[in-house]
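Trainee: Structure below; questions to follow.
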Amino acid sequence: MKDQYLKRKLESIEVERGKSISNLLSEMAKTGFQGRKLGEVFQVWEEMLKDEEVTIFMGFAGSMSTTGQWKIIRWLIEKRFIDVLVSTGANISEDILEAMGFSYWQGSHLVDDEELYRLRIDRFYDVYADEMEYRKMEGLIAEFSETLDPNHVYSSREYLYLFGKFLNERNINSIVAAAYRNNVPVFSPGLVDSGYGIANVILRYKKNKKIIVDQMKDFEEIVKIGAESKRTGVIYVGGGVPKDFIQLIAVALEFVKGEDRSHEYAIQITTDSPQWGGLSGATFEEAVSWGKESPTGKNVACYCDATIALPIVVHALAERIEKRINPPDFSWHLKGI
């Protein structure tokens, strides 16, 4: 009876000078707890990158660009380590502030927030932003939105593709600018929950112009990408709306294709735990019950702060793979914009 449990020997980590990050993560995958899971995240992502028939979707939740993570996402797009990005509005607006030449500042969570408000300093836990610089970023979004056709109903993908073009032409090298250059679709089904919402309120009440972004059109478009893909893999940094927007592709494809099209690879880095019943902490085992994840797929969740896990894993991938070969081509998705 013991043999069915005692199959894989745990291997302790030896300390060696000059050890690469990728080798360290490979060794961590042979240990335990969340170190093991972080190593397995690296292994599954590397396997995805070597699968020439998989489309890789990334869900990017929260307000991570303010913590110095946005250039990592830009790099992943440029190297085509991801094929489709689904993001909160915060992550693809707050990166623009720094790309415009402004700054975020290291601060403290132990501070007088009333004083910060008087000084027009916005706080993200232990990160500060100058509210006046933030408003300039929102003003840039409003300036872009003013160029759009008020009679056209946009998906967030269309809106963000055109915004990426607008920023790229101005040498503002943000996430959506990189996505524009590399034909990587970017969706943000909760776009207004960010500076985009404020920017378009400014446009509506100061310029009397209204832009329409259709969330249903969003979902139809991303489901079409899923339908055109031979296999799908998912990477979730956090959870929230970006996660389930991608998860539901698999559910929708049962109606669109009439077949089981669960995601075959799945990675999640989260600090949310499952017992509260929220989607951000929901396990991939639970997702199997919905048909979102394959019960025989490569599924791994690491419970870790993404500001720790993401830089480590991506640098390990950079050591192993220079650039993805033959990623899927989504140029057909640009027709009619």
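Residue-wise test of (1) among the polar types (S, T, N, Q); (2) without any contact (Cβ under 8 Å) to a residue 60 or more places away in the chain; (3) over 22 Å from Tyr303 (Cβ atoms).
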| position | (1), (2), (3) |
| --- | --- |
| Val15 | no, yes, yes |
| Asn23 | yes, yes, yes |
| Lys30 | no, yes, no |
| Gly39 | no, yes, no |
| Glu53 | no, no, yes |
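Trainee: Sticking with this structure for a sec: For Leu253, state whether it is modelled with pLDDT under 95 and touching an Asp or Glu at 6+ places or on another chain (Cβ under 8 Å). Before the answer, list the steps.
Mentor: Values: modelled with pLDDT under 95: yes; touching an Asp or Glu at 6+ places or on another chain (Cβ under 8 Å): yes.
Taking the combined requirement at face value, the residue satisfies it.
Trainee: Still on this structure: Would you point out which residue out of Tyr117, Tyr104 is buried (at least 18 other Cβ atoms within 10 Å of the Cβ) and either free of Cβ contacts under 8 Å to residues at least 24 places away in the same chain or closer than 27 Å to Leu310 by Cβ (or both)? Before you say what the answer is, go through the steps one by one.
Mentor: Working: Tyr117 fails: buried (at least 18 other Cβ atoms within 10 Å of the Cβ).
Checking each option against the conditions leaves just Tyr104.
Trainee: Still on this model: I'd like the full set of residues that are of a type outside the set (Gly, Ala, Ser), assigned to a helix (DSSP H, G or I) and modelled with pLDDT of 95 or more, limited to region 310-337.
Mentor: Pass one, region 310-337, residues of a type outside the set (Gly, Ala, Ser): 310-315, 317, 319-330, 332-335, 337.
Narrowing the set further to residues that are assigned to a helix (DSSP H, G or I) leaves 310-315, 317, 319-320, 332-334.
Those that are of a type outside the set (Gly, Ala, Ser), assigned to a helix (DSSP H, G or I) and modelled with pLDDT of 95 or more: Leu310, Pro311, Ile312, Val313, Val314, His315, Leu317, Glu319, Arg320.
Trainee: Against the conditions (1) touching an Asp or Glu at 6+ places or on another chain (Cβ under 8 Å); (2) buried (at least 21 other Cβ atoms within 10 Å of the Cβ); (3) not in a helix (DSSP H, G or I), where does Arg157 fall short? Just the number, please.
Mentor: (3)
Trainee: Residues that are surrounded by 22 or more Cβ atoms within 10 Å (Cβ to Cβ) and of a type in the set (Lys, Arg), at least 1 per element: which helices (runs of 4 or more DSSP H) completely within region 185-269 meet that? Steps first, answer last, please.
Mentor: Values: elements: 195-206, 215-228, 240-256.
By residue number, 240-256.
Trainee: Further question: So, in region 9-48, how many residues would count as being at positive phi and buried (at least 20 other Cβ atoms within 10 Å of the Cβ)? Can you show your working first?
Mentor: Of all residues in region 9-48, those at positive phi come to 18, 33.
Those still in the list that are buried (at least 20 other Cβ atoms within 10 Å of the Cβ) too: none.
Total meeting the criteria: 0.
Trainee: Please specify each residue of region 271-309 satisfying the condition of being touching a residue at least 24 places away in the same chain (Cβ under 8 Å) and either part of a loop (DSSP other than H, G, I, E, B) or in contact with a Cys (Cβ under 8 Å, 6 or more places away or on another chain) (or both).
Mentor: Answer for region 271-309, where residues must be touching a residue at least 24 places away in the same chain (Cβ under 8 Å) and either part of a loop (DSSP other than H, G, I, E, B) or in contact with a Cys (Cβ under 8 Å, 6 or more places away or on another chain) (or both): Thr271, Asp272, Ser273, Gly278, Ala282, Trp290, Gly291, Lys292, Cys304, Asp305, Ala309.
Trainee: When you check Gly238 against the structure, is it small (Gly, Ala, Ser), on the phi > 0 side of the Ramachandran plot and at pLDDT 95 or above, yes or no? I'd like the intermediate steps shown before the answer.
Mentor: Working: small (Gly, Ala, Ser): yes; on the phi > 0 side of the Ramachandran plot: yes; at pLDDT 95 or above: yes.
So Gly238 passes the test.
Trainee: Can you tell me which residue in region 118-135 is farthest from Gly197 (Cα to Cα), limited to those that are part of a loop (DSSP other than H, G, I, E, B) and either basic (Lys, Arg) or out of contact with any Ser or Thr (no Cβ under 9 Å at 6 or more places or on another chain) (or both)? Full working, then the answer.
Mentor: At the first step, the residues of region 118-135 found to be part of a loop (DSSP other than H, G, I, E, B) are 119-120, 125-126.
Then drop every residue that is not either basic (Lys, Arg) or out of contact with any Ser or Thr (no Cβ under 9 Å at 6 or more places or on another chain) (or both), which leaves 119-120.
Numbers: Leu119: 23, Arg120: 20 Å.
If we take residues in region 118-135 being part of a loop (DSSP other than H, G, I, E, B) and either basic (Lys, Arg) or out of contact with any Ser or Thr (no Cβ under 9 Å at 6 or more places or on another chain) (or both), then Leu119 is farthest from Gly197 (Cα to Cα).
Trainee: Looking only at region 233-246, decide whether some residue is among the aromatic types (Phe, Trp, Tyr), touching a Lys or Arg at 6+ places or on another chain (Cβ under 9 Å) and within 18 Å of Val186 (Cβ to Cβ). Spell out how you get there, then give the answer.
Mentor: Of all residues in region 233-246, those among the aromatic types (Phe, Trp, Tyr) come to 236, 245.
Pick out the ones that are also touching a Lys or Arg at 6+ places or on another chain (Cβ under 9 Å) and you get 236.
Now restrict to residues that are within 18 Å of Val186 (Cβ to Cβ): 236.
Yes, some residue in region 233-246 is among the aromatic types (Phe, Trp, Tyr), touching a Lys or Arg at 6+ places or on another chain (Cβ under 9 Å) and within 18 Å of Val186 (Cβ to Cβ).
Trainee: Still on this model: Just one of (1) at pLDDT 95 or above; (2) of a type in the set (Ser, Thr, Tyr); (3) out of contact with any His (no Cβ under 8 Å at 6 or more places or on another chain) trips up Tyr205, so point out which.
Mentor: (1)
The values are calculated or read from the model by the stated rules, or taken from the named source; none is laboratory data. None of these values were measured; they are calculated from a predicted model. Note that each Cβ is placed from the backbone with ideal geometry, even for glycine, and that neighbours are counted across all protein chains shown.
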